[in-house]
Amino acid sequence: MRSIVLSVVVTTAMAAVGAQAAEQVFGTSDAQACYEAATYSPKSSSEAPCDDAIKRGKLSRPQLAATYSNRGIILANHGELDKAIEDQNAAIALDPDSARAHVNRGNVYYRYNRHNEAVADYNQAITLSHGQLAPAYFNRAKSHLALGETDAADKDFRQAATLAPEAYK
């Protein structure tokens with residue numbers, strides 16, 4: 001049976017970054033456990049299930065990309081920002097069209113106060129998602145605010161609320 005990779009946007013209550021984009025992987029238990037850790041408890045979870053899924057080498061290219069991205073979410077929540085960027089870079093190298101991996105790398109850049117790089121990643125995520133990924137707009141707005149670009153931030157906050165009113169009222 002073929003494994004199916006589904007992307008799921010997960011809104012979290014992180015102080016530094018408003019939304020992450022964990023990528024769900026069905027069909028492999030370690031990869032699924034990695035997704036669940038990144039989605040439901042990234043601050044308190046271990047990245048061990050992600051490590052195990054990667055080491056086993058039985059993931060398809062999209063599953064491997066999703067697993068690296070999910071491990072990057074966990075690492076960022078543990079304050080291991082350099083490792084988190086490495087994992088997001090690996091995810092993007094494996095799947096350059098993953099809008100969610102670009103959001104996740106942008107989130108790490110945001111936490112590093114590297115707001116221009118964060119904006120560039122959010123821009124790429126918006127392009128790849130054809131303008132339909134609300135967290136990319138929301139997080140880009142936060143980066144625009146950090147850069148003192150209030151008009152751009154206001155526009156992005158409004159777009160995020162239009163795309164996902166239940167999440168960004």
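The values are calculated or read from the model by the stated rules, or taken from the named source; none is laboratory data. Note that the structure is predicted; figures quoted are calculated from it, not measured. In this analysis, Cβ positions are derived from the backbone assuming ideal geometry, glycine residues included, and neighbour counts consider all displayed protein chains.
Could you tell me whether any residue of region 36-48 is among the polar types (S, T, N, Q), in a helix (DSSP H, G or I) and either in contact (Cβ under 8 Å) with a residue 40 or more places away in the chain or crowded, with 23+ Cβ neighbours inside 10 Å (or both)?
no
Scanning region 55-72 for residues that are of a type in the set (S, T, Y) and in contact (Cβ under 8 Å) with a residue 40 or more places away in the chain, which turns out surrounded by the fewest Cβ atoms within 10 Å (Cβ to Cβ)?
Result: S60.
Going by the conditions given, is T67 among the polar types (S, T, N, Q), in a helix (DSSP H, G or I), closer than 20 Å to T39 by Cβ and at pLDDT 95 or above?
yes
Quick one: D156 ticks every box in (1) modelled with pLDDT of 95 or more; (2) touching a strand residue (DSSP E or B) at 6+ places or on another chain (Cβ under 7 Å) except a single one, so which number is it?
Here D156 clears every test but (2).
Before we move on, is L75 touching a residue at least 12 places away in the same chain (Cβ under 8 Å), part of a loop (DSSP other than H, G, I, E, B) and either aliphatic (A, V, I, L, M) or under 11 Å from A101 (Cβ atoms) (or both)?
No: the conditions fail for L75.
Could you grab me the full set of residues in region 94-109 that are within 23 Å of H130 (Cβ to Cβ) and in a helix (DSSP H, G or I)?
Within region 94-109, L94, A99, R100, A101, H102, V103, N104, R105, G106, N107, Y109 meet the criteria.
Out of all the residues in region 80-93, is one or more among the basic types (K, R) and touching a residue at least 12 places away in the same chain (Cβ under 8 Å)?
No, region 80-93 contains no residue that is among the basic types (K, R) and touching a residue at least 12 places away in the same chain (Cβ under 8 Å).
Please state which of the following conditions A134 fails to meet, knowing it meets all the rest: (1) without any contact (Cβ under 8 Å) to a residue 60 or more places away in the chain; (2) over 20 Å from L81 (Cα atoms).
Of the numbered conditions (1) without any contact (Cβ under 8 Å) to a residue 60 or more places away in the chain; (2) over 20 Å from L81 (Cα atoms), the odd one out for A134 is (1).
Count, please, the residues in region 137-167 that happen to be over 14 Å from the mean Cα position of the chain (by Cα) and either in contact (Cβ under 8 Å) with a residue 60 or more places away in the chain or within 21 Å of A101 (Cα to Cα) (or both).
Summing the residues that are over 14 Å from the mean Cα position of the chain (by Cα) and either in contact (Cβ under 8 Å) with a residue 60 or more places away in the chain or within 21 Å of A101 (Cα to Cα) (or both) in region 137-167 gives 11.
Any residue at all in region 159-166 that is touching a Ser or Thr at 6+ places or on another chain (Cβ under 7 Å) and either closer than 27 Å to R71 by Cβ or surrounded by 23 or more Cβ atoms within 10 Å (Cβ to Cβ) (or both)?
No, that holds for no residue.
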